[in-house]
1. If I filter region 81-88 for residues that are small (Gly, Ala, Ser), outside any loop (DSSP other than H, G, I, E, B), modelled with pLDDT of 95 or more and under 24 Å from Asn40 (Cβ atoms), do I get at least one hit?
2. Which residues, taken from region 1-28, are at pLDDT 95 or above, within 24 Å of Ile127 (Cα to Cα) and exposed (fewer than 14 other Cβ atoms within 10 Å of the Cβ)?
3. Quick check, is Glu104 touching an Asp or Glu at 6+ places or on another chain (Cβ under 9 Å) and either among the polar types (S, T, N, Q) or part of a helix (DSSP H, G or I) (or both)?
4. Out of Ala122, Ala100, Ala146, Ala142, which single residue is buried (at least 23 other Cβ atoms within 10 Å of the Cβ) and either aromatic (Phe, Trp, Tyr) or more than 22 Å from Gln36 (Cα to Cα) (or both)?
5. For Asp37, all conditions in the list (1) free of Cβ contacts under 8 Å to residues at least 60 places away in the same chain; (2) surrounded by 17 or more Cβ atoms within 10 Å (Cβ to Cβ) hold save one; what is the number of the exception?
6. Just the residues that are surrounded by fewer than 24 Cβ atoms within 10 Å (Cβ to Cβ), modelled with pLDDT of 95 or more and not aliphatic (A, V, I, L, M), please, taken from region 47-70.
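The values are calculated or read from the model by the stated rules, or taken from the named source; none is laboratory data. Since this is a predicted model, take the numbers as computed values, not measurements. Neighbour counts run over all protein chains shown; Cβ positions are idealised from the backbone, glycine included.
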Amino acid sequence: MSKQKYKGKTLYTKTCVDNIVQLALESNPDDRAWYQDAYNYALELSHDYNVGVQRVVGIIAALSPMKSWVENKRLAEEYLKGNRYGTYGRLLGKADEIIALEHEQVNDENILDILNGQKISAFYLNINHYQKSTTVTVDRHAVEIAMDTILDNHQMTAKQYSFFQNVYIIASDKLGYLPHELQAITWVAWRNIKHPNQVDADAALPF
């Protein structure tokens, strides 16, 4: 797909890839470990609350929409303590379904079926398989980076989501990163440059 309509504009793959690559060259490569750090956090919760780490990652992803990373972590830990609040009932319901899985049912296929959303599914895979995941969590910063502009609204179709994911995959091939690593380093840089008053890294924000 060489071009895509979005927000009344025609976006071209090459232009979006160039925007991502340019910011990546100005970013801190150490930020590529963001998803590994997120996994390590899930591992800590797993040990603290005696819940398998794969379930914990699924719960984090389920509770992520419309929450900053700091708030996402807080909600996940509160949920594991038995406190079901702070987000929509349907999202808590997804977490409940993940907790209710039988041991032999805890796998990517079943958890992704419960999550049932492009972005939260990508977020789950990026954390749970940070060593090898090839998907991209297309959040608001990822879209803005590709377009090199700040947007007020980030709603998109599945086809538009696939377009943005694809430009990150192409850019990552050029730079030798995994796609989610590239998304992470550019995301942190863009937030610091364009949203300096934002005190924590947004994760899985809604469109």
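1. No - not one qualifying residue is present in region 81-88.
2. Selection gives Leu25 alone.
3. Values: touching an Asp or Glu at 6+ places or on another chain (Cβ under 9 Å): no; either among the polar types (S, T, N, Q) or part of a helix (DSSP H, G or I) (or both): yes.
No, not satisfied.
4. Ala146
5. Single failed check for Asp37: (2).
6. The answer is His47, Asp48, Tyr49, Asn50, Gly52, Gln54, Arg55.
Residues are listed down the side, and each one gets a yes or a no for (1) farther than 24 Å from Leu25 by Cα; (2) part of a helix (DSSP H, G or I):
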site	(1), (2)
Tyr124	yes, yes
Ile127	no, yes
His141	no, yes
His154	yes, no
Phe163	no, yes
Tyr168	no, yes
Ala171	no, yes
